[in-house]
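Read-outs throughout are calculated quantities, based only on the coordinates presented, and are distinct from any laboratory measurement. Nothing here was measured: the structure is a model prediction, and the numbers come from that model. Please note: Cβ atoms are built from the backbone with ideal geometry, for glycine as well, and neighbour counts cover all protein chains shown.
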Amino acid sequence: MKNNPANFALRLLATLLDTFIYILLFILCIYFTVQKPTLSEAISLFLLLTILVLLNPLVLYAHIYLTYYFGATPGKLLTGMKVTDENGGRLTFKRVFFRQTVGYNFSMLLFGLGYVSMVKDPQKQTWHDKAVGSKVIVTQNLWPLGIIATIIVLSFSWFFTSKSFELAQTGPLGAEVKTLFEKYQTNIREKSTREDANKDTVTNDTILKTRSVQDQKLNEELKQYESYYKTEVSNIHIVPELGRQDKGVICGSSYSNETSSYSRYCERTFEVVYGVDLDLEDKLNYLYDEFETKGWKPDWGSERNNAINNYMKNIDFFSGNSTHLSKFEKNNMEARISIATGDAKECDFQLVCRYAKSSEYPYLFMVTYIIHQK
Amino acid sequence: MKKEENAMEQNNKIVEQNKPDWSIDELYRSAWRIVKNNKVLWLFGMAIGAGGMSGNYRSSFDNSDLDGLRKLFQNSPNGSSELSSVLGASTNSFSDTLGSIFSAIPTYFYFLLGLEFLIMVILGVIASLIYSSWAHAALLEGIQTASGNGKLTIRELSEKAFGDLKAVMYVQYVPYLIITAVSIIIFLALAIPSSFFTNTSFIPLLLILLPFSILGVIFFILTLTWAIRIVVYDKKTGRQSLSLGFKIAKKKFWASLLLGLVNSIAIGILYVIIMIPFFGLFFGGIFAASENTNLATGLIIIGVILLLIFILGFSILGGIIESFKATVWSLAYNNIRGKYEK
């Protein structure tokens, strides 16, 4: 066993022990930090410990010079192992440096295959061992001590972690952190309140300004197109197939759900429900609910989903959609799509879509839903 | 009779002289045979990739950190309003408390902390540079041994690479340092007068400089490509290798450029061919999602599983491609070795 190459399990144990020792150092730094009475002192101490211990190159790269001087890291020493050259002699500093930096990276290739490969290697060498001609040998059969050391280090870590938590919760430092956290929360709340107030002022101003400009535009447009709209609406009302009086009209534009001059005109004569925009599927569902509140109750039955799909396919157009435009142009700029027919029980739901030129948009898409009670 | 023989001999000499130094087809076939049979080369190919990226060392100092620093030193556009809120009625007790806590910490703590970070970064960069050069040297040594049908081991190649390490590092990094310094000087020389002229007056000058710069970069890359092989195969010093590399790059410019282009195109096509099924599955899945949700989910799951497997395969593939490229250039160098030194 003595001077035999160390196996994978033993080297893994040593690596874990080294890692746990470093973690214990970190936990000890936290433990000493939380004992300080004020936050300022605690932060100062933690920074000092970080400088002296945690980030100190002498500690971080300790594995390099420990391996060079003693032939092993603490983990390896406690498990009875030593790093030597192929003849059992001491490795040069250059080789140790290469092994512990570049070599480790080389072994990490393909998710650490270089480490695992030692399992099948007759000399029990990892890739970084092969690269520098080193081997890890067992000098003493100390693996039980390695396990005990690991357990002790883990127990210490657990003990100091729990102590640190306890101190942080009950000590003066905890109280100061708590107060600071409360101040932070108050600060955030105040900031968001201030921001909301600013936002509200800005938004309201913008909305008012936009509305007044829009209003003016719509009124001007309404004057310009009034006669056209009149004919338009009268045409809708004499749609021969319907034959019965309509109950309501829903207007909108395909570009936005702002009111159009057309809908403004309609408002004078009909009960108008606004809100037709590009978000068709949601809007249709919304309209369905709107109808219900108004007591119109179009029963789409099992065809509701089909109706929505049909609607989506046929009315999914915009000014750039040439297919739809040509379809409309062929049909006197009008398309009539029955949405709920068939097993619709209480009413037909038909919509008439028209394109009209507008000053505001290249094509104003006017959608008029006509609810027809059966 | 003798005259005829002499003429034949003369003719053969002329044919031999005019014969191209290499045929790409032959180089590719030999390179593939070597790479296929020597998996150790793949490892060093992978190591070159890993050393080149050196992500582990640099990721801790990225742009977001710089942004944070910049914010510290920048005057906030809302600075005045923030100041007024501090001085006004809504005095911020949180920032006051925080300020008093941090003002109690000695300034030299931050300095020492910064110094330690700097040492870590420098050591990391040094290790990464050594890693890349060592892997390069080992790969080239491996190719040489393999082309002579020798057996490759990590141990032997690494040992040979240690011998070449200093010169390889010289060839790999010194020219880059010089070029960077020269570029900075040129940039400053152009930037300072540009502040006195309008932007448009500089466009013709830049247009004249551009082809020269491209040519310069190509020459630079080719010189380094040959120089590193001269270091490893002929055991010349870094400086000698660079000078010889430049000579070869000059004399074999078009043939070397063609070889480099063919390499790049072939490898590009290979990557595209390998990536197409993955992209096909991915985009096919997205497209199918609008038509059939079950099919789309199935395709995307298959794609993700294949991609996970591919991540492992991809690094192996990277190693193979890296070693293949190096082998092609090394075999080409073997064909012209000693021919263009004068």
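Key figures
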| quantity | calculated |
| --- | --- |
| Karplus (6.51, -1.76, 1.60) ³J(HN,Hα), θ = phi - 60°, over the stretch B:211-219, in Hz, Gly and Pro reported as x | x, 5, 5, 4, 4, x, 5, 4, 4 |
| Nearest-0.05 FRET efficiency for A:Gln140 and A:Leu12, computed from C-beta distance (R0 22 Å) | 0.75 |
| Neighbour-limited loop hits for trypsin sites (Lys or Arg not before Pro), the stretch B:298-340 (at most 11 other Cβ within 10 Å; DSSP other than H, G, I, E, B) | B:Lys339 |
| Residue-wise HN-Hα coupling along the stretch B:102-118, computed from phi with Karplus coefficients 6.51, -1.76, 1.60 (Hz; x: Gly, Pro) | 6, 6, 7, 7, x, 4, 5, 4, 5, 4, 5, 4, x, 4, 5, 4, 4 |
| Other-chain or far-sequence residues with amide H under 5 Å of A:Gly80's (modelled H) | none |
| The stretch B:209-272: C-alpha gyration tensor shape, a/c 1.5 cut-off, then a/b vs b/c | oblate |
| Under the Karplus curve 6.51 cos²θ - 1.76 cosθ + 1.60, θ = phi - 60°, whole-Hz ³J(HN,Hα) for the stretch A:75-89, x wherever Gly or Pro sits | x, 5, 4, 6, 9, x, 10, 8, 9, 10, 7, 5, 9, x, x |
| Label point distance in nm, A:Val213-B:Ile274, each placed 7 Å from Cα along Cα→Cβ | 5.6 |
| Net dipole in debye of the stretch A:105-167 [+1 Lys, Arg Cβ; -1 Asp, Glu Cβ; about Cα centre; nearest 20] | 180 |
| Pairwise label distance in nanometres, B:Leu261 with B:Leu118, each label 7 Å out on the Cα-Cβ vector | 4.8 |
| Selection from B:Asn263, B:Val231, B:Gly216 lying farthest towards where the dipole of the stretch B:148-276 points positive, charges on Cβ | B:Val231 |
| Nonlocal amide H pairs with A:Leu91, under 5 Å, H built at 1.01 Å | A:Asp85 |
| Calculated FRET value between B:Asn37 and A:Val116, using beta carbons and R₀ = 35 Å, to 0.05 | 0.90 |
| Label point distance in nm, A:Gln185-B:Ile192, each placed 7 Å from Cα along Cα→Cβ | 6.0 |
| Calculated FRET value between B:Val174 and B:Tyr110, using beta carbons and R₀ = 22 Å, to 0.05 | 0.05 |
